[in-house]
Amino acid sequence: DKGGWSSFMAKEITEQPEAVANTFRGRVVDGRVEIPELSALGEERLREVDRIVIIACGTASYAGQIGAYAIERWARVPVEVQLSHEFRYRDPVLSPSTMVISVSQSGETMDTLMAVKYAKDRGVTTVSVCNTQSATIPRESDAAVYTHAGPEVAVASTKAFTAQITALYLIGLHLGRVRGTLSPEEEAQAASAFEQLPQAVAEAVETHEQIAQLAHWMADTRSVLFLGRHVGYPTALEGALKLKEIAYIHAEGFAAGELKHGPIALIDHGQPVFVLVPSPRRSPVMHSKVVSNIQEIRARGARVIAIVEKGDTAVLPYADDVIRMPLTDPLFEPLVQVVPLQWFALELSTAKGLDVDQPRNLAKSVTVE
Ligand code: M6R
C-alpha cells in the first residue's frame with residue numbers, strides 16, 4: 001500500500017520522521033542513552049574495544065561513514081569504514097579487541113553476510129545494525145541493534161538510511177558512556193538533538209514542492225555533482241548514488257576540500273552542483289570554507305543549488321537555488337540534508353518517466369556475491 005503516494009519511495013521519504021523516532025524510542029530515556037542489546041555484551045567487552053570497523057555496501061556504507069564521525073567523537077575509538085566485498089579480500093588486521101559493526105537494511109546482503117562470518121571466525125565481536133527482524137546477518141552476529149524503520153519496499157533506500165545513522169549514533173553514545181569518554185553535557189546535547197530530530201526531519205520533508213519544481217526544470221540534465229565536508233561528504237555521496245540509481249544520471253559526490261585537487265576541472269558553464277552547507281552558527285570555520293568553495297565553482301559557471309540552514313544569508317549572493325533546512329546539531333545535519341536529495345532523485349526519475357521503485361538492473365536485496 002503506497003498510502004496515496006505515487007511510489008513506495010515517496011511514501012518512505014515521508015515516513016522518515018517516524019522511522020528515526022522509532023529507532024531511538026526506548027533507547028534515549030531521561031537524557032541517557034542505553035542500548036540493551038549492547039549492554040548484554042558486557043561492559044568489560046565494550047571497554048576493551050580499541051578499533052571499530054564498519055562494513056556495509058551502498059547506501060548503508062554511507063550511513064556507516066557518517067556514523068564513524070559520531071562514534072569517534074563520542075567513544076574516542078578509531079573507526080574505519082570498509083565496503084563488505086573489499087574487507088574480506090584485503091586480509092584485514094583483526095584482533096579480539098576489534099569490533100565489527102555491519103550495517104544492512106535487509107540483513108541478507110551476501111557480501112556483508114560473508115564479511116560478518118569472516119570476522120566472526122576470527123574471534124571479533126560482531127554487531128549488526130539491521131532493519132529486518134531475524135534476518136540472517138543479525139542472527140549471525142553477537143548483538144543486533146534493529147533500526148525499526150518499518151518495511152522498506154522501494155529499491156532506493158531512504159528511511160532505512162536515516163534510521164541507520166540514528167542507530168550508529170546511539171551506538172556511539174552508548175560506547176562513549178560505558179567507556180567514560182562522553183561528558184554528561186555531550187550526552188544531554190545529543191539527547192536533546194534526538195528529541196528535536198523527528199520535527200526537523202518533518203520540516204526537511206516539506207521541501208518536496210520546491211525540489212519538484214527544481215527537478216522539473218532540470219529534466220534534461222546529464223550530470224550532477226554533490227559537494228560536502230565532514231558528515232556532509234558521505235551525504236553528498238548518498239545524494240549522487242540516489243540519482244544514479246533511479247534517474248540513471250551520471251552523478252558524483254566529492255569532499256568539498258578535494259575540489260582543487262582535481263574535480264574543479266569538471267566545472268563548466270551550467271554544471272549543476274548541490275552543495276551541503278554546514279551551519280554558520282555551530283560550524284563557522286567549515287561554513288566559511290564551504291562558502292569559498294561555492295564562490296570558486298560559481299566563478300567557473302556552476303549552477304549552485306545550496307542546501308543551507310535557514311537564516312544563513314552568506315550563501316545567497318552565490319547560489320542559484322537555496323533550499324532551507326531546520327536548525328540541528330552539526331552531527332545531525334545529514335539526517336535533514338539528505339531528504340531534499342532523495343526528493344530530487346525521485347522527481348528527476350519521475351520527470352524522465354522512469355519506474356521510481358524498480359530501477360533497471362537492480363534488486364532490493366543483493367543476495368549474490
Ligand atoms: O540491504 P542492505 O542495506 O545491505 O543493502 C545494501 C545496498 O545494496 C543498498 O543500500 C543499495 O545501495 C540501495 N539500493 C541504495 O539505495
Completion exercise
Here the stretch 28-34 yields Karplus 3J(HN,Hα) values (6.51, -1.76, 1.60; θ = phi - 60°; whole Hz; Gly and Pro given as x) of 10, 10, 6, x, 10, 9, 9
Exercise for the section: Taking just the C-alpha trace of the stretch 196-273, give me its Rg and Dmax in Å. Expected result: 13.9, 40
Exercise for the section: For the stretch 126-205, count the residues as N, evaluate 2.2 N^0.38 Å, and divide the Cα radius of gyration by that value, please. Expected result: 1.24
Completion exercise
Diffing the stretch 52-57: the Karplus 3J(HN,Hα) column from phi (6.51, -1.76, 1.60, θ = phi - 60°), in whole Hz with x for Gly and Pro, holds 10, 10, 9, 10, 5, 10
Practice task
Sticking with the crude label model, points 7 Å out along Cα→Cβ, report the distance from residue 250 to residue 76 in nm, one decimal please.
Solution key: 4.7
Practice task
Report, in degrees rounded to the nearest 10, the 0 to 90 angle that the Cα long axis of helix 232-247 makes with the longest principal axis of the chain.
Solution key: 70
Handout entry: Relative frequency of Cα-Cα separations exceeding 32 Å in the chain, percent
Key = 29
Completion exercise
From DSSP H assignment alone, runs of 4+ in the chain each adding -39500 (n - 2.57), the sum over residues rounded to the nearest 500 puts [θ] at 222 nm at -14000 deg cm²/dmol
Handout entry: For the stretch 262-369, average projected area of the Cα convex hull in nm²
Key = 9.3
Practice task
Calculate the length of the line joining the C-alpha centroid of the stretch 254-308 to that of the stretch 8-65, in whole Å.
Solution key: 30
Completion exercise
Per the stretch 46-156, sqrt(5λ) over the Cα gyration tensor eigenvalues, sorted largest first, in Å, gives 21, 15, 13
Problem - FRET efficiency, 1/(1 + (r/R0)^6) with R0 30 Å, evaluated for residue 281 and residue 261 via beta carbons - result: 0.55
Exercise for the section: List 254, 161, 344 from most exposed to least, where exposure is judged by having the fewest other Cβ atoms within 10 Å. Expected result: 254, 344, 161
Handout entry: the stretch 240-341: relative contact order in percent, alpha carbon pairs under 8 Å with at least 6 residues between
Key = 24
Completion exercise
Placing one equal point scatterer on each C-alpha of the stretch 1-87 and summing with Debye, one gets log10 I(q)/I(0) at q = 0.10, 0.11, 0.14 Å⁻¹ equal to -0.39, -0.47, -0.73
Exercise for the section: Would you mind getting me the FRET efficiency between residue 120 and residue 327? Use the beta-carbon distance for r and R0 = 35 Å, nearest 0.05. Expected result: 0.25
Practice task
For the stretch 156-207 and the stretch 235-251, write down the distance between their C-alpha centroids in whole Å.
Solution key: 24
Fill in the blank from the handout: 1/(1 + (r/R0)^6) with r = Cβ-Cβ of residue 209 and residue 320, R0 = 30 Å, i.e. FRET efficiency to nearest 0.05, evaluates to 0.95
Exercise for the section: Using only the alpha-carbon atoms of the stretch 24-74, report the extent along each of the three principal axes, biggest first, to the nearest angstrom. Expected result: 32, 27, 19
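Every number in this text was worked out from the coordinates using simple rules, so none of it is lab data. Computed from a prediction, not measured in an experiment: that's the story for all the values here. We place every Cβ from the backbone using ideal geometry, glycine too, and count neighbours over all the protein chains shown.
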